[in-house]
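Engineer: Quick one: this structure, given as structure tokens, is what I'll be asking you about.
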Amino acid sequence: MQLRTLGRSSLRVAPLCLGGNVFDWTATEAASFAVLDALIGAGLNFIDTADVYSVWVPGHRGGESETVIGNWLKRGAKRQDVVIATKVGMAMAPDRKGLSAAHIAQSVDGSLRRWQTDYIDLYFSHCDDAGVPMEETLGAHQKLLSQGKVRAIGASNFTAPRLSEALQVSRKHGLPRYEVLQPHYNLYARSDYESALEPLCLEQQIGVVSYFALASGFLSGKYRTPADAAKSPRGKGIVKEFLNERGLRILAALDDVGRRYGASAASVALAWQIARPSITAPIASATTVNQLAELVAATRLNLDTAAIEQLELASR
């Protein structure tokens, strides 16, 4: 597997990242272990999670996904063989949120405890916090880097102006910079990223790890009618957002390219992102080993210019 560098950091990752949001939510711990084992067996090494996963599930308090990963590491996975990202900032509880130095210091120790390890490879500010000076947030990250608790930092859900401001603050005050951006980006949702964030990331050599890479599963092709969507917890949102003329046109293009390459719609959609120069690795989740195989196949799929142009025309 050819690895890619995340921004200007020392981290080297596979061109596809496994999303851990499903761990102990729609995937049991045993199923999650099987997917993680298969990920390593396929030569991939990159996993993404967050402290807040999966606080939205009744009876959960957050940290469930991190706990599964920690139990998997304890079970025998080699820590040095994986690059794991987690995040801080979204609300774990009304009084546990944001990017203050105090909350970051408390949260990082909670993540490490759940992982049962002593360092985080990539630590994201999960969402912008305009109520906290960037100097405070970046200063807190600097302390974690100097302590060896974190190897690199990233920003998730930042606008281009706010990411640019963060980079300026880093330069001005000699603080660490965000080496990676995690934006919402896929074949359906293109404009926000491509208009302003992508040029900034290319100019500043910032790695990009995109989430919702399969548009909540829509780009896998399994939701083509309201009846299909009704079978999923995400169904109402899929019908409202994606089941329209443009969405179906994108699926038709994915089907056509997939037939030519002998690949699934999901593999083609991910391969389109992997081929984009600004993208380091799209994030996609899997609840079974069979689903993971579709994702892994994308890393071996080299789309030609005609296929890329066909997909971009359909999604324009």
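Engineer: Which one of these does Ser170 not meet: (1) over 30 Å from Arg246 (Cα atoms); (2) in contact with a Ser or Thr (Cβ under 7 Å, 6 or more places away or on another chain); (3) of a type in the set (S, T, N, Q)?
Structural biologist: (2)
Engineer: Residues of region 103-124 being farther than 15 Å from Gln147 by Cα and not in a helix (DSSP H, G or I), which ones?
Structural biologist: Gln116, Phe124
Engineer: Let me ask you something else. Out of region 178-227, which residues are under 25 Å from Arg259 (Cβ atoms), part of a helix (DSSP H, G or I) and more than 15 Å from the chain's Cα centre (by Cα)?
Structural biologist: Result: Phe218, Leu219, Ser220, Ala227.
Engineer: Condition first: open to solvent by less than 30 Å² (accessible area, probe 1.4 Å), closer than 16 Å to Leu301 by Cα and not hydrophobic (A, V, I, L, M, F, W, C). Now tell me which residues in region 212-265 satisfy that.
Structural biologist: Once the filter is applied, which keeps residues that are open to solvent by less than 30 Å² (accessible area, probe 1.4 Å), closer than 16 Å to Leu301 by Cα and not hydrophobic (A, V, I, L, M, F, W, C), region 212-265 yields only Gly258.
Engineer: Name the residue, out of Val268, Val289, that is surrounded by fewer than 18 Cβ atoms within 10 Å (Cβ to Cβ) and either modelled with pLDDT of 95 or more or over 20 Å from the mean Cα position of the chain (by Cα) (or both).
Structural biologist: Among Val268, Val289, only Val289 is surrounded by fewer than 18 Cβ atoms within 10 Å (Cβ to Cβ) and either modelled with pLDDT of 95 or more or over 20 Å from the mean Cα position of the chain (by Cα) (or both).
Engineer: Which of the residues spanning region 45-102 are among the hydroxyl-bearing types (Ser, Thr, Tyr), in contact with a Phe, Trp or Tyr (Cβ under 8 Å, 6 or more places away or on another chain) and either open to solvent by 10 Å² or more (accessible area, probe 1.4 Å) or not in a loop (DSSP other than H, G, I, E, B) (or both)?
Structural biologist: Once the filter is applied, which keeps residues that are among the hydroxyl-bearing types (Ser, Thr, Tyr), in contact with a Phe, Trp or Tyr (Cβ under 8 Å, 6 or more places away or on another chain) and either open to solvent by 10 Å² or more (accessible area, probe 1.4 Å) or not in a loop (DSSP other than H, G, I, E, B) (or both), region 45-102 yields Tyr53, Ser65, Thr86.
Engineer: What is the residue count in region 272-288 for residues that are over 26 Å from Arg8 (Cβ atoms) and not polar (S, T, N, Q)?
Structural biologist: 1
Engineer: Oh, and also: Counting only residues that are open to solvent by less than 100 Å² (accessible area, probe 1.4 Å), assigned to a helix (DSSP H, G or I) and without any contact (Cβ under 8 Å) to a residue 60 or more places away in the chain, how many does region 302-316 have?
Structural biologist: 6
Engineer: A further question on this structure: Name the residues in region 2-44 that are among the aromatic types (Phe, Trp, Tyr) and part of a helix (DSSP H, G or I), would you?
Structural biologist: Once the filter is applied, which keeps residues that are among the aromatic types (Phe, Trp, Tyr) and part of a helix (DSSP H, G or I), region 2-44 yields only Phe33.
Engineer: Would a scan of region 130-151 turn up a residue that is crowded, with 16+ Cβ neighbours inside 10 Å and part of a strand (DSSP E or B)?
Structural biologist: Yes, some residue in region 130-151 is crowded, with 16+ Cβ neighbours inside 10 Å and part of a strand (DSSP E or B).
Engineer: Criterion first (open to solvent by 10 Å² or more (accessible area, probe 1.4 Å), at pLDDT 95 or above and not β-branched (Val, Ile, Thr)) does Gln205 satisfy it?
Structural biologist: yes
Engineer: Testing Pro277 on (1) assigned to a helix (DSSP H, G or I); (2) surrounded by fewer than 24 Cβ atoms within 10 Å (Cβ to Cβ); (3) not aromatic (Phe, Trp, Tyr), one condition comes back false. Which one is that?
Structural biologist: (1)
Engineer: Within region 156-166, is even one residue assigned to a helix (DSSP H, G or I), open to solvent by 60 Å² or more (accessible area, probe 1.4 Å) and not hydrophobic (A, V, I, L, M, F, W, C)?
Structural biologist: Checked region 156-166: at least one residue is assigned to a helix (DSSP H, G or I), open to solvent by 60 Å² or more (accessible area, probe 1.4 Å) and not hydrophobic (A, V, I, L, M, F, W, C).
The values are calculated or read from the model by the stated rules, or taken from the named source; none is laboratory data. Predicted model only: the values in this text are computed from it and were never measured. Every residue, glycine among them, receives a Cβ derived from its backbone with ideal geometry; neighbour counts consider all protein chains shown. Please note that ligands, DNA and RNA were not included when accessible areas were found on the heavy atoms of the full protein model with its side chains. Shrake-Rupley method; radii C 1.70, N 1.55, O 1.52, S 1.80 Å.
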